[in-house]
1. Only one of these conditions is not met by residue B:33: (1) assigned to a strand (DSSP E or B); (2) away from every other protein chain (no Cβ under 14 Å); (3) surrounded by 12 or more Cβ atoms within 10 Å (Cβ to Cβ). Which number is it?
2. Somewhere in region A:127-134, is a residue surrounded by fewer than 17 Cβ atoms within 10 Å (Cβ to Cβ) and either in contact with a helix residue (DSSP H, G or I) (Cβ under 9 Å, 6 or more places away or on another chain) or at positive phi (or both)?
3. Please go through region A:1-23 and pick out each residue that is modelled with pLDDT under 95, crowded, with 16+ Cβ neighbours inside 10 Å and touching a Ser or Thr at 6+ places or on another chain (Cβ under 8 Å).
4. With respect to residue A:61, is the statement that it is closer than 21 Å to residue B:67 by Cα, more than 10 Å from chain B (Cβ to nearest Cβ), modelled with pLDDT of 95 or more and not in a loop (DSSP other than H, G, I, E, B) true?
5. Which of the numbered conditions does residue B:7 fail, given that it passes all the others? Conditions: (1) surrounded by 13 or more Cβ atoms within 10 Å (Cβ to Cβ); (2) more than 19 Å from the chain's Cα centre (by Cα).
6. Among the residues that make up region B:9-27, is at least one of them part of a loop (DSSP other than H, G, I, E, B), within 9 Å of another protein chain (Cβ to nearest Cβ) and of a type in the set (Ser, Thr, Tyr)?
7. If we scan region A:79-92, do we find a residue that is under 24 Å from residue B:50 (Cα atoms), within 15 Å of the chain's Cα centre (by Cα), buried (at least 17 other Cβ atoms within 10 Å of the Cβ) and without any contact (Cβ under 8 Å) to a residue 60 or more places away in the chain?
8. Residue under question is residue B:46, and the condition is that it be within 23 Å of residue A:113 (Cβ to Cβ), in contact with a helix residue (DSSP H, G or I) (Cβ under 8 Å, 6 or more places away or on another chain) and not hydroxyl-bearing (Ser, Thr, Tyr); does it hold?
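The values are calculated or read from the model by the stated rules, or taken from the named source; none is laboratory data. Treat the numbers as computed from the prediction; the structure is a model and nothing was measured. FYI the Cβ positions are ideal-geometry reconstructions off the backbone, even for glycines, and counts take in every protein chain you see.
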Amino acid sequence: MQLSTKHIGNVEYKEENIIFFKQGIPGFENYTKFIIVLSGNEELPFHYLQSIEEANLAFVITNPFIFEPDYDFEIPQEIVESMEIQNPENLSVYAIVNIPENVVDTTMNLAAPVLVNNANNKGCQAILVDREDIKHKVFKNVSQQGEK
Amino acid sequence: MLILTRKKGESIIISGNIEIQIINIEDGKVKIGIEAPKEVSVFRSEVLENIKNENKNSVVEEDVLEKLSKNFKK
């Protein structure tokens, strides 16, 4: 199937790659079907979380552990149940990235990671009650990437 | 909206298994204790509001990965 977006042009995807966000994403509760569009550049660990219902709705996501190896949280029990997480090995963790005008100030939201259960393609943005780092600087630990 | 008046130490029960107790009232602040099953999520409403706002601010407007890759070439 194909999607025509304004930011990355045409995107090809397969039905089996659709991730279902039953409750949508906070702020965008009406959109429940997303795909992950890989950056296509192995050195660039950022990807798009693209709505297939609204072509103009997409977020940049990253693997937060690349930048914060000590990042750790407990998955709220209600999410373990609603996403039917039986084996944590099937779980992918992403952080939504905010890229401002000055890209060096890019942040990621560690207080509300996006979880995807690869066993059943269920996804959700978990809200972690005990964390407040909604705007966590991405590049502070990656000095070689901070220089042009 | 249902509005109930409660004094310090009193509580309300929601759907049989969620108890909300008024622990203390002081200086215009109310301390609330919540006892709920594990599968019920509880958080301050502004937490959800902040995350909604951050998500809205994070929506992609252009091919930002292109921009990132230009700026972070090794």
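1. So residue B:33 meets the others, but not (3).
2. Yes, region A:127-134 has at least one match.
3. Of everything in region A:1-23, just one residue is modelled with pLDDT under 95, crowded, with 16+ Cβ neighbours inside 10 Å and touching a Ser or Thr at 6+ places or on another chain (Cβ under 8 Å), namely A:11.
4. Here the answer is no, as residue A:61 does not meet what is asked.
5. (1)
6. Pass one, region B:9-27, residues part of a loop (DSSP other than H, G, I, E, B): B:9-10, B:15-17, B:27.
Checking which are within 9 Å of another protein chain (Cβ to nearest Cβ) leaves us with none.
No: region B:9-27 contains no residue that is part of a loop (DSSP other than H, G, I, E, B), within 9 Å of another protein chain (Cβ to nearest Cβ) and of a type in the set (Ser, Thr, Tyr).
7. In the first step, residues of region A:79-92 are kept if they are under 24 Å from residue B:50 (Cα atoms); the result is A:79-80, A:82-83, A:92.
Okay, now just the ones that are also within 15 Å of the chain's Cα centre (by Cα), so A:92.
Keeping just the survivors that are buried (at least 17 other Cβ atoms within 10 Å of the Cβ) gives none.
There is no residue in region A:79-92 that is under 24 Å from residue B:50 (Cα atoms), within 15 Å of the chain's Cα centre (by Cα), buried (at least 17 other Cβ atoms within 10 Å of the Cβ) and without any contact (Cβ under 8 Å) to a residue 60 or more places away in the chain.
8. On the way: within 23 Å of residue A:113 (Cβ to Cβ): yes; in contact with a helix residue (DSSP H, G or I) (Cβ under 8 Å, 6 or more places away or on another chain): no; not hydroxyl-bearing (Ser, Thr, Tyr): yes.
Against the criterion (within 23 Å of residue A:113 (Cβ to Cβ), in contact with a helix residue (DSSP H, G or I) (Cβ under 8 Å, 6 or more places away or on another chain) and not hydroxyl-bearing (Ser, Thr, Tyr)), residue B:46 does not qualify.
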